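None of the figures in this text is laboratory data; all of them are computed from the coordinates on show. None of these values were measured; they are calculated from a predicted model. Glycine also receives a Cβ, built like all others from the backbone with ideal geometry; neighbour counts cover every protein chain displayed.
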Amino acid sequence: MDFSFSSEEALFKESVSRLMERLVGGGRWAEIDESGVIPWDVVREMGRQGLFAIPVPEDLGGPGGSWLMAALALEEIGRSDPSMGLAVFTLLNNAWPFILARHGDSEVSGEVLEALSRGEAFYGIASTEPSGGSDVAGIKTRAEAGDGYYKVVGEKILISGVREALEQAEIGGWTLLARTGSGGHRGLTAFAFIPKRNGRVEAEGLEYEILDTIGRKAISTGILRLEGVEIPKKNVLGGEGRGFYVAMEGFTLARILVAAANVGAASWALEKAVEWARERRLFGGRPIASFQGVSFPLAEAYVELEAARTLVYRTAWTADRFYRGEASREQLNMLSAASKIKAVETAFKVFETAMKTLGGISFVKETNIYRGLLGSLSYLVGAEGAQNIMRYIVARDLIGRDYVKHG
Ligand SMILES: Cc1cc2nc3c(=O)[nH]c(=O)nc-3n(C[C@H](O)[C@H](O)[C@H](O)COP(=O)(O)OP(=O)(O)OC[C@H]3O[C@@H](n4cnc5c(N)ncnc54)[C@H](O)[C@@H]3O)c2cc1C
């Protein structure tokens, strides 16, 4: 075993760190979170610097990076913007364009990838419905086949990137899951739903709404209402009836990057807490770090965070091996779900520890740690799959499908 990065990986990680410091350092990240809007100049620069669609292979029109490189980028972006708005934007624009390129028509994916490389696109996932996100096989949105297109009727809720895709990007859309067949997971089809093209929304029957969320405010979360929206047949991903599998592959990959972003953001919080514990002096001028009640929780945070980081790296490395045919899908699914459990739950605890270390002042907005707490909370409550569903995936592969059922 070799726990070091290649020189290319190490250099890439360092260059992302420097770039993000330039773009959102000096507290700009918190101003962005407060404003509730991603500044598109930052997105353009991130695109030009190759931070989107990183793992898409060259033969599919991408830059040909690796999942490990994508995870390293997300770790640094999470550390630079612990509110995680930019990290969420970036991780979606890595995992889902990969799925588009792998399972979609090359003309459709080519257009999106080209715009992503200029930082002029948003491409995410639209799966969740008001009736519940965990039960993907129960999706109700319907797609009826017509002549050269599908007509889609349904509603998607809690969808990331609604404003970014429909108002800010030149090209914007999602992998959208809809029912083309009978009940259950085999009746689902995935579509490249790209309502925004050439800077215009061209989708009759589409309405949207932005929700007022409590955290990671730079990226919007919203509702898509589709009343007979037409999606061309060439936009089907992976074939009719294969949507469930296409989406699960995307979620598995996205979760690795979610975990990486959480590790990065929590690393920032731990650094802040350590700094404070050294400097804050009480009881006759002693640094609070000299009290075990303060230093031990920080030591525990370090232990948990390093365990999470190692698991995330191993999972990203396994994703690269999976696409080279060297690891099984089950291995990757299990590790990805385990990474999301460990990294998100650890990050939330690290933010809590950091806030307790700072004491009452952490409750004042200016200290900004709460922004990270809310960012990781978004993943604790459900984004990119509920934590219980992650436990189900791990248990299913650990114990066996015949024993573990969640439906
Ligand atoms: C900020 C944010 C951004 C999001 N962005 C997107 C996006 O871009 N695209 C998208 O499609 N979705 C998105 N989501 C939605 C997310 O995927 C869902 O929140 C998630 O899948 C859970 O669905 P739900 O919230 O409807 O909860 P439910 O599915 O209603 O679950 C509620 C609770 O019940 C538990 N539960 C459900 N079933 C079981 C079971 N069988 N066993 C044990 N426990 C169970 C869950 O763990 C959860 O705690 C986002 C969510 C958030 C918070």
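Which is the longest run of the chain containing none of the GluC sites (Glu not before Pro) found in DSSP loop states (not H, G, I, E, B) with at most 14 other C-beta atoms within 10 Å?
1-201
So what's the gap between the Cα centers of region 242-305 and region 378-407, to the nearest angstrom?
24 Å
Would you mind checking which residues have amide H under 5 Å from VAL56's amide H? H placed 1.01 Å from N; only 5 or more apart, or other chain.
Excluding prolines and chain starts, which carry no amide H, the hits are GLY64, GLY65.
Taking the alpha-carbon distance from LYS340 and a cut-off under 13 Å, which aspartates and glutamates remain once sequence neighbours fewer than 8 residues away in the same chain are dropped?
Answer for LYS340, where 13 Å is the Cα cut-off: GLU384, listed by chain and number.
Between SER339, SER182, SER106, find the one with the highest GNM mean-square fluctuation for the chain; connect C-alpha pairs within less than 10 Å.
Highest fluctuation of the listed residues: SER182.
Go through region 216-225 residue by residue and turn each phi into a ³J(HN,Hα) via Karplus (6.51, -1.76, 1.60, θ = phi - 60°); whole Hz please, and just put x for glycine and proline.
Result, rounded to whole Hz: 5, 6, 5, 9, 7, 10, x, 10, 10, 10.
Could you go through region 37-48 in sequence order and give the Karplus-derived ³J(HN,Hα) for each residue, using 6.51 cos²θ - 1.76 cosθ + 1.60 with θ = phi - 60°, rounded to whole Hz, and x for Gly and Pro?
Couplings: 9, 6, x, 5, 4, 5, 4, 4, 5, 5, x, 5 Hz.
Here are some pairs, LYS151/LYS234; LYS272/LYS365; LYS217/LYS365; LYS13/LYS217; LYS272/LYS349; LYS140/LYS196; which of them have Cα atoms lying more than 18 Å apart in this structure?
The pairs that break the limit, which is 18 Å between Cα atoms, are LYS13/LYS217; LYS140/LYS196.
Running a GNM on the chain with Cα contacts under 10 Å, which residue among VAL16, VAL108, VAL246 ends up with the highest mean-square fluctuation?
VAL108
Mind pulling the angle between the C-alpha long axis of helix 243-279 and the longest principal axis of the chain? Nearest 10 degrees, somewhere in 0 to 90.
20 degrees
Mind listing the phi-derived Karplus ³J(HN,Hα) values for region 230-238, rounded to whole Hz, using 6.51, -1.76 and 1.60 with θ = phi - 60°, and x for any glycine or proline?
Whole-Hz 3J(HN,Hα) from phi for region 230-238: 8, 10, x, 4, 5, 8, 5, 9, x.
Per DSSP helix of 4 or more residues, -39500 (n - 2.57); summed, then divided by the residues of the chain. What does that give at 222 nm, rounded to the nearest 500?
Roughly -17000 deg cm²/dmol at 222 nm, from the helical runs in the chain.
In degrees between 0 and 90, to the nearest 10, how far off the longest principal axis of the chain does helix 106-116 point, with axes built from Cα atoms?
Helix 106-116 sits roughly 30 degrees off the main axis of the chain.
Mean-square fluctuation check for the chain, GNM, Cα pairs under 10 Å: which of PHE251, PHE363, PHE348 is largest?
Per the Cα network of the chain with a 10 Å cutoff, PHE363 tops the list.
Would you mind checking which residues have amide H under 5 Å from ARG280's amide H? H placed 1.01 Å from N; only 5 or more apart, or other chain.
Here ILE288 satisfy the definition.
What is the distance in Å between the Cα centres of region 89-150 and region 1-20?
Between the Cα centres of region 89-150 and region 1-20 lies a distance of 29 Å.
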